[in-house]
Structure formats: structure tokens, C-alpha cells
Amino acid sequence: QVQLVESGGGLVQAVGSLRLSCAAFGRIFSINGMGWYRQAPGKQRVLVADITRAGRGNYADSVKGRFTISRDNAKNTVYLQMNSLKPEDTAVYYCNADVQSSGSYSWTAFWGQGTQVTVSS
């Protein structure tokens, strides 16, 4: 089985910064795309940013220029550096990874448990 473990959430004032981390553990043969999603109260979960195995990032318009996604393939870890935070960034942030488990030919999307980010004005 595969687990994604997130860390780095918390409470921060507007224009502050936070860095989220998400590490994948378990019977992993390979990880393809990794990403971060967020879900605000009463709203749907939406993509924040994702990154290919080669390191090419893709961002939601609302975070372009403020957030940076990166990954360390050797550590099976994805990061989200969040700068110039705004109150509207407040949400539960979830990481996601497309994983090929050891001994399997198929790919499965796994999710982290979520980490709360709260930005005060």
C-alpha cells in the first residue's frame, strides 16, 4: 500500500509564506505526476498546481507568480512554496500522486489526508 503524508500547514498572516511538503511511502515502483489541490469550506476541491516527473509545473491562475511547486524524485516528495498569501488561500490542501506500485503494471492516484492552511487578514 502507498501513503502520502503532508506537513507544513498552519496559521499565517496575509502576505506571509508557508511551505507544504508531501512524502510518499510504501511499495512504490515509480511516481508520475504529483500535485496539490485545495478545498475551501462549502466549495469543491480544485487544482492548485501539479508537476511532471521531469519537473514541469502547471498552476491555477489564482496562484501564478505566488506559489511554486517542486519535487525531489529521490525522496518521493513534492513541495509547495506559498508566498504573498491571501485570506482567500485559506483551505485544506491535499497532495496527490500517480503511483505505480511495486509488482503492478497499473497506475493509481493516491491522496494525502489534507493539511489546513489559514491566512488571516
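Pull up the DSSP beta bridges for the chain and report the antiparallel fraction as a percent, rounded to 5.
90
Straight-line reach only, C-alpha to C-alpha below 23 angstrom: list the lysines that LYS64 could link to, leaving out same-chain residues fewer than 8 apart.
LYS43, LYS86
In sequence order, what are the phi-derived ³J(HN,Hα) couplings for the range 75-91 according to the Karplus relation 6.51 cos²θ - 1.76 cosθ + 1.60 with θ = phi - 60°, rounded to whole Hz, with x for glycine and proline?
Karplus values, whole Hz, x for Gly and Pro: 9, 6, 10, 10, 10, 9, 8, 10, 10, 6, 5, 10, x, 6, 7, 4, 4.
So for the range 47-121, averaging the separation of alpha carbon pairs under 8 Å that are six or more residues apart and normalising by length, what relative contact order in percent results?
Here the relative contact order equals 22 percent.
Output the peptides 37-47, 83-93, 1-11 sorted from most to least packed, where packing is the average of other Cβ atoms within 10 Å over each peptide's residues.
83-93, 1-11, 37-47
What is the distance in Å between the Cα centroid of the range 17-38 and that of the range 53-121?
Computed from Cα coordinates, the inter-centre distance equals 6 Å.
So how do THR68, THR52 rank on accessible area, 1.4 Å probe, biggest first, that is with the largest at the start?
THR68, THR52
The values are calculated or read from the model by the stated rules, or taken from the named source; none is laboratory data. Quantities reported herein were computed from a predicted structural model and do not represent experimental measurements. Virtual Cβ from ideal backbone geometry, glycine too; neighbours counted across all protein chains shown. The protein model used for the area step is the full one, side chains on, heavy atoms only, and it has no ligands, DNA or RNA in it. Shrake-Rupley method; radii C 1.70, N 1.55, O 1.52, S 1.80 Å.
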